[in-house]
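Accompanying notes for the structure given below.
The values are calculated or read from the model by the stated rules, or taken from the named source; none is laboratory data. Here the structure is a predicted model, which is why all the values come from computation and not from measurement. Every residue, glycine as well, gets a Cβ built from its backbone with ideal geometry; the counts of neighbours run over all protein chains shown.
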Amino acid sequence: MNNFKSHFLFDRHQRSGIFFLVLIIIGLVGVSLFLDFTEPSSFDISSEEIIVLTHELDSLRNEKLKKKQSKIYPFNPNFITDYKGYMLGMSSEEIDRLHVFRKKDKWINSVSDFKRVTKVSDSILKEISPLFKFPEWVTNPKPKSNYIKNSFSEKSFQNKTDLNKATSDQLQEIYGIGETLSNRIISYRNKLEGFSSDLQLSQVYGLRNDVITRVLNEFTVKSPKEIVKMNVNAASASDIATIPGISFELAKNIWEFRILNEQIRSIDELIKIEALSKRKLALIKLYLFAE
């Protein structure tokens, strides 16, 4: 203990030295608080030239961001959704007119058609019409010198070509089908591993009813792919959603309809579902049965 205390025993001269040392430390701390020892920057960001340059850079950045956000790619005006119509500057009434027109299974095939159906203003039409992208058979129709609209004779089953063996060139001989649509038909056929019925042709994107009619006058399914049907009263929504052309939402509606009715006695009962068209029901009959 005595040794510990000896470290804190100072004579008069030592105490004076400690006192002056403390004063010096306090003085240095005070000087550091009130004086700025940093070197002034040689780069003056408040200068007029820097401010102007900063504003220009901000303007260019904002313009680039705006263009990136608002860029709209070419599109088929037949498939304008509510959101896309809003982004294009169309009113809800104009969008509704288009949807009502399309629900009648009619198509917009020109800028003038779009104007007539939607009644959009000339200013909006001028901005969006350059982005319209119509199917190839509309923009570049293939000449058919021997074709008379709606005046062909019905061919017999024997005289038709097997749709599962039709080539792209053969399909393009049909009025209204170009290279794009013929490739889509073959691509969908490959996806199904072969058509099972002529009805499946309606699931090919972009094929109009009149074009389908002309196709089926020359082609028909002669070597159908076998389909293993599902019992609608035992199938889950996920099972039904595996049917080509059936969305999960529609599959869920069918499943819920069966649950609410406890049992489906005939597939024809499904026509009571609001979202189910007669054409879609005919397609479903290829894959489902009631038991």
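I'd like to check something: does the stretch 225-234 contain any residue that is under 21 Å from L171 (Cβ atoms) and out of contact with any helix residue (DSSP H, G or I) (no Cβ under 6 Å at 6 or more places or on another chain)? Break it down into steps so the answer makes sense when it comes.
Filtering the stretch 225-234 for residues under 21 Å from L171 (Cβ atoms) gives 225.
If we keep only those that are out of contact with any helix residue (DSSP H, G or I) (no Cβ under 6 Å at 6 or more places or on another chain) as well, we get 225.
Checked against the condition, which is being under 21 Å from L171 (Cβ atoms) and out of contact with any helix residue (DSSP H, G or I) (no Cβ under 6 Å at 6 or more places or on another chain), the stretch 225-234 yields at least one hit.
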Pair list, Cβ under 7 Å, 6 or more apart: the stretch 106-130 residue assigned by TED's automatic domain parsing to the domain that holds L88, other residue exposed (fewer than 14 other Cβ atoms within 10 Å of the Cβ) and in a loop (DSSP other than H, G, I, E, B): I124/G89
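Quick one: which of I95, I108, I128 is on the phi < 0 side of the Ramachandran plot, modelled with pLDDT of 85 or more, surrounded by 16 or more Cβ atoms within 10 Å (Cβ to Cβ) and part of a loop (DSSP other than H, G, I, E, B)?
Numbers: I95 fails: part of a loop (DSSP other than H, G, I, E, B); I128 fails: part of a loop (DSSP other than H, G, I, E, B).
Of the residues listed, the single one that is on the phi < 0 side of the Ramachandran plot, modelled with pLDDT of 85 or more, surrounded by 16 or more Cβ atoms within 10 Å (Cβ to Cβ) and part of a loop (DSSP other than H, G, I, E, B) is I108.
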Close pairs from the stretch 90-101: first within 13 Å of S121 (Cβ to Cβ), partner outside any loop (DSSP other than H, G, I, E, B) and of a type in the set (G, A, S), Cβ under 8 Å, at least 6 apart: E94/G85
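Show me the helices (runs of 4 or more DSSP H) entirely contained within the stretch 183-291 in which 1 or more residues are among the basic types (K, R) and surrounded by 18 or more Cβ atoms within 10 Å (Cβ to Cβ). Can you show your working first?
Details: elements: 209-218, 237-240, 248-260, 278-284.
The qualifying helices (runs of 4 or more DSSP H) are 209-218, 248-260, 278-284.
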Pull up the stretch 151-194, narrow it to residues that are out of contact with any Leu (no Cβ under 9 Å at 6 or more places or on another chain) and aromatic (F, W, Y), then point me to the one that is farthest from N217 (Cα to Cα). Y175
Filter the stretch 161-182 down to the residues that are crowded, with 19+ Cβ neighbours inside 10 Å and either among the basic types (K, R) or assigned to a helix (DSSP H, G or I) (or both) and list them by number. L171, L181, S182
